[in-house]
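Presented below is the structure to which this report refers.
The values are calculated or read from the model by the stated rules, or taken from the named source; none is laboratory data. Predicted model, so just to flag it, every value in this text is computed and none were measured. Neighbour counts are summed over all protein chains in view; Cβ atoms, including those assigned to glycine, are modelled from backbone coordinates with ideal geometry. In case anyone asks, the SASA skips ligands and DNA or RNA and just uses the protein heavy atoms, side chains included. Shrake-Rupley method; radii C 1.70, N 1.55, O 1.52, S 1.80 Å.
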Amino acid sequence: EGKPEGEGAAGRDAPDVIVFGGAGPEFSYPVLNRAFRHLQRGAHLVAMHRNLYWRTADGFDLDTGAFLPGLERAAGVTATVTGKPSPAFFDTALAHLGVPASEALMVGDDIESDVLAAQRHGITGVLVKTGKYLPETHRTADGTPDHVLDSFAGLPGLLGYT
């Protein structure tokens, strides 16, 4: 009692699971270190995604995926990823929709986490040049989208609803 969090025995308040979502304003070095200490004590790491950056009103900001590999390596753990690009994410979406991958379409602005991840799962991948799209990321990607649209507004035409 009276010891700062992370000192002494695991304690009654020590979490069993650390969940990483987005790297918003509350994300900080002290928060990262607190998570690291909990992982060292045996907490499990769950990540909502591995996105490296996201678009904010101020421009692009780093997201948790930029910090996750370092945390995993330092703590000697591997995160369970529940969102994109995890196969579990796509399996859950397809099950919810009740359609096979061959009849699904993933539209996204992140070529790696959205489009190519969907394609690896047998889903048609459509990249939109809006949101966090960057031409250089598109050029250097490990694969090619099935379709590229200037914006989401082009989707009806792609689907034949013109």
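For segment 39-58, a residue qualifies if it is open to solvent by less than 60 Å² (accessible area, probe 1.4 Å), of a type in the set (S, T, N, Q) and not in a loop (DSSP other than H, G, I, E, B), and exactly one does: T56. Considering (1) touching a strand residue (DSSP E or B) at 6+ places or on another chain (Cβ under 8 Å); (2) within 26 Å of I123 (Cβ to Cβ); (3) of a type in the set (V, I, T); (4) open to solvent by 50 Å² or more (accessible area, probe 1.4 Å), the lone condition that V17 does not fulfil carries the number (2).
Before we move on, is S102 over 30 Å from L159 (Cα atoms) and over 15 Å from the mean Cα position of the chain (by Cα)?
Working: over 30 Å from L159 (Cα atoms): no; over 15 Å from the mean Cα position of the chain (by Cα): yes.
Taking the combined requirement at face value, the residue does not satisfy it.
Can you say whether L159 is open to solvent by 40 Å² or more (accessible area, probe 1.4 Å), hydrophobic (A, V, I, L, M, F, W, C) and outside the structural domain of R55 (by the TED database), as far as the supplied structure shows? Here the answer is yes, as L159 does meet what is asked. With respect to (1) over 16 Å from D114 (Cβ atoms); (2) assigned to a helix (DSSP H, G or I), the lone exception for D61 is condition (2).
Working only within segment 12-27, note down all residues that are farther than 12 Å from H44 by Cα and either of a type in the set (S, T, N, Q) or in contact (Cβ under 8 Å) with a residue 12 or more places away in the chain (or both). So that I can check it myself, show each step before the final result.
Going through segment 12-27, the residues farther than 12 Å from H44 by Cα turn out to be 12-13, 21-27.
If the condition is that a residue be farther than 12 Å from H44 by Cα and either of a type in the set (S, T, N, Q) or in contact (Cβ under 8 Å) with a residue 12 or more places away in the chain (or both), then G21, G22, A23, F27 are the ones that fit.
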